[in-house]
Amino acid sequence: MVRFLKGTFLTLLFAAAIAAGITLWRSPDPLYTVQEWGSGQRYWQYDELIRETAARNGIDPHLLKAVVWRESAFHADKVGASGERGLMQVGEAAALDWAKAERVETFTATDLFDARTNVAVGGWYLARALERWKDRDRPAVFALAEYNAGRSRVDRWVTETRLADKANADDLIGAMDFPSTRRYIEDILTRRDIYARVAGR
């Protein structure tokens with residue numbers, strides 16, 4: 001009986017290892033898949049909130065989720081080096097702009113540790129940036145640059161292209177003097193495309 005149970009357990013373990021191997025082989029990003037497996041529910045527990053926020057703001061939910069992933073790896077209690085808070089690493093100034101626009105009179109900075117509030121603020125801010133750059137060839141590139149580096153820097157980079165309204169996403173990326181912002185944009189757009197591909201299966 002013990003030998004039978006041991007054999008059954010080893011067979012199940014072998015089958016699980018094969019299944020995991022096939023899943024990783026088929027995954028567009030095996031490292032991410034392993035991280036997701038090790039995270040418990042963290043990597044998908046905010047999916048419904050992200051979908052709701054994206055729909056409310058008219059933005060791509062895969063893009064919004066990719067920003068959350070890149071900003072905090074889905075840690076709602078994360079604090080950034082400059083005091084940014086929560087899932088979307090929202091700064092206090094942006095949050096106060098949101099509170100004023102949405103007439104949220106009771107807002108305090110610690111509210112940014114609440115997932116719903118944080119994603120509401122971050123989604124609102126990202127939607128505004130996408131709207132501002134909607135006439136560009138790839139608005140997401142401009143909006144993500146703004147989300148990461150601030151509007152004044154994006155305006156400066158556009159000015160430095162000497163192309164004004166004709167500057168496209170490649171022109172903007174070429175003018176950036178922040179390699180970290182270029183990586184940020186690339187990471188998020190790659191992750192967005194992976195989320196969309198996986199959702200389409």
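Brief remarks on what is shown
- Every residue from segment 151-191 that is under 24 Å from ALA93 (Cβ atoms) and open to solvent by less than 50 Å² (accessible area, probe 1.4 Å): VAL154, TRP157, VAL158, LEU172, MET176, THR181, TYR184, ILE185, ILE188
- Taking first residues from segment 150-172 that are without any contact (Cβ under 8 Å) to a residue 40 or more places away in the chain and partners that are of a type in the set (D, E, K, R), the Cβ contacts under 7 Å between residues at least 6 apart in sequence or on separate chains come to VAL154/GLU146; THR161/ASP171; LEU163/ASP171; ASN168/ARG136; ASN168/ASP137; ALA169/ARG136; ALA169/ASP137; ALA169/ARG138.
- ARG197 being of a type outside the set (Gly, Ala, Ser), modelled with pLDDT of 95 or more and open to solvent by 60 Å² or more (accessible area, probe 1.4 Å): no
- Residue that is under 23 Å from the mean Cα position of the chain (by Cα) and within 22 Å of ARG70 (Cβ to Cβ), where the choices are LEU96, LEU172: LEU172
Table: residues versus (1) in contact with a His (Cβ under 8 Å, 6 or more places away or on another chain); (2) aromatic (Phe, Trp, Tyr); (3) open to solvent by 70 Å² or more (accessible area, probe 1.4 Å); (4) touching a residue at least 24 places away in the same chain (Cβ under 8 Å).
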| site | (1), (2), (3), (4) |
| --- | --- |
| LEU64 | no, no, no, yes |
| VAL68 | no, no, no, yes |
| GLY80 | no, no, no, no |
| LEU87 | yes, no, no, yes |
| GLU92 | no, no, yes, no |
| ALA101 | no, no, no, no |
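- As a summary of the residue check, GLY122 satisfies the conditions (1) open to solvent by 20 Å² or more (accessible area, probe 1.4 Å); (2) small (Gly, Ala, Ser); (3) in contact (Cβ under 8 Å) with a residue 40 or more places away in the chain except for the one numbered (1).
- Test: ASP114 is closer than 14 Å to ARG85 by Cα and either of a type in the set (Phe, Trp, Tyr) or free of Cβ contacts under 8 Å to residues at least 40 places away in the same chain (or both): yes
- Tally, over segment 126-181, of residues that are part of a loop (DSSP other than H, G, I, E, B) and of a type in the set (S, T, N, Q): 1
The values are calculated or read from the model by the stated rules, or taken from the named source; none is laboratory data. None of the values given here were measured: they were computed from a predicted structure. Heads up, the Cβs are rebuilt from the backbone with ideal geometry, glycines too, and the neighbour counts pull from every protein chain shown. Surface accessibility is based on the protein's heavy atoms, side chains included, excluding ligands, DNA and RNA. Shrake-Rupley method; radii C 1.70, N 1.55, O 1.52, S 1.80 Å.
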